[in-house]
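As structure tokens, the structure follows; a few thoughts come after it.
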Amino acid sequence: MKSKKEKTGECVYCGTVGPITVDHVPPRSFFPDPPPQDLITVPSCRKCNAGFSKDDDYVRLVLTVNEMASGNADRDQIMPTVMRFAKRKESKNVLASFYNSLTSGYHLNVQGIYVRGQRFTIDGARLDKFAQRVVKALFFREKGHGLQDGFIVNAIHQARLEGLERQLGEDKDFLYFILSKLIEDSDFKAWGEVFGYSWVQSPNGSERTWWLLDFYGTPYYLCSTCPEVEADVRSQ
Ligand SMILES: [Zn+2]
């Protein structure tokens, strides 16, 4: 049944105009209780909103079990909830790609010491999709309108930065320039120890922007917005 209070508007993710819901970025489940009052909210259609919820649980698990996040106060506080969720039978489908990739053995930890433990392979496409959603919401927050048609979010996971440096060859100075702008010359906005971002505007067009996304104290994603036809960092 249609509620009388239902609002209509434009979804920041797919551009559909119609009934809208409120999407929180990052999701409230990423925070210990109670989540901050000033979380970013954006208009989202039901279809987009429903599509995100399964990914939220997967992404939260991947981000929090990462040893780079250990010692982060907010992460340590939500860890029991995350583990309870991960062990529930009902969660197995949502987290299938996590469980299917689990292996145990010895691996190098962040200190460079071989430790015995379980490891998993990240579903990169699923994590990238999450980062793209976050940037679309941040773009809306900063600019007051959604990303124009024909533009996309390019999401580069931190593990891929090294490969990107090699691929860029002599153009890699440009990458360093963008990173220094994001780290040194931009305001870093943060919500507890869970999430933070900084962004810079490209001089080559208002829809061309750069973003650095930080989760649980680790810079995770370098993202850009650019025309779909030139989804390559060199063209910006
Ligand atoms: Zn939508």
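Per-structure values
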quantity	calculated
Residue count for region 162-180, restricted to those that are out of contact with any Lys or Arg (no Cβ under 9 Å at 6 or more places or on another chain) and either within 23 Å of H145 (Cβ to Cβ) or hydrophobic (A, V, I, L, M, F, W, C) (or both)	4
First in region 29-46 and in contact (Cβ under 8 Å) with a residue 12 or more places away in the chain and among the polar types (S, T, N, Q), second anywhere and assigned to a strand (DSSP E or B) and away from the ligand (no atom under 16 Å from the Cβ), Cβ under 7 Å, 6 or more apart	none
Strands (runs of 3 or more DSSP E) contained in region 122-236 and holding at least 3 residues hydroxyl-bearing (S, T, Y)	218-227
Strands (runs of 3 or more DSSP E) completely within region 1-99 that count 1 or more residues being surrounded by 18 or more Cβ atoms within 10 Å (Cβ to Cβ)	17-25, 40-44
Tally of residues being out of contact with any helix residue (DSSP H, G or I) (no Cβ under 6 Å at 6 or more places or on another chain) and closer than 18 Å to D55 by Cβ across region 131-167	9
Pair list, Cβ under 8 Å, 6 or more apart: region 174-197 residue within 11 Å of L212 (Cβ to Cβ), other residue in a loop (DSSP other than H, G, I, E, B)	G196/F188; Y197/F188
Condition met for F188 (under 17 Å from M68 (Cβ atoms) and under 16 Å from the mean Cα position of the chain (by Cα))	no
Count of region 30-72 residues which are in contact with a Gly (Cβ under 8 Å, 6 or more places away or on another chain) and within 16 Å of the ligand (Cβ to nearest atom)	2
Residue satisfying all of: in region 63-80; of a type in the set (A, V, I, L, M) and at pLDDT below 90; nearest to G196 (Cα to Cα) among these	A69
Residues satisfying the stated conditions in region 48-74, i.e. among the polar types (S, T, N, Q) and under 23 Å from D23 (Cβ atoms)	N49, S53, T64
Test: E10 is more than 16 Å from the ligand (Cβ to nearest atom), in contact (Cβ under 8 Å) with a residue 40 or more places away in the chain and charged (D, E, K, R)	no
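The values are calculated or read from the model by the stated rules, or taken from the named source; none is laboratory data. In this text, all values refer to a predicted model and were calculated from it rather than measured experimentally. Heads up, the Cβs are rebuilt from the backbone with ideal geometry, glycines too, and the neighbour counts pull from every protein chain shown.
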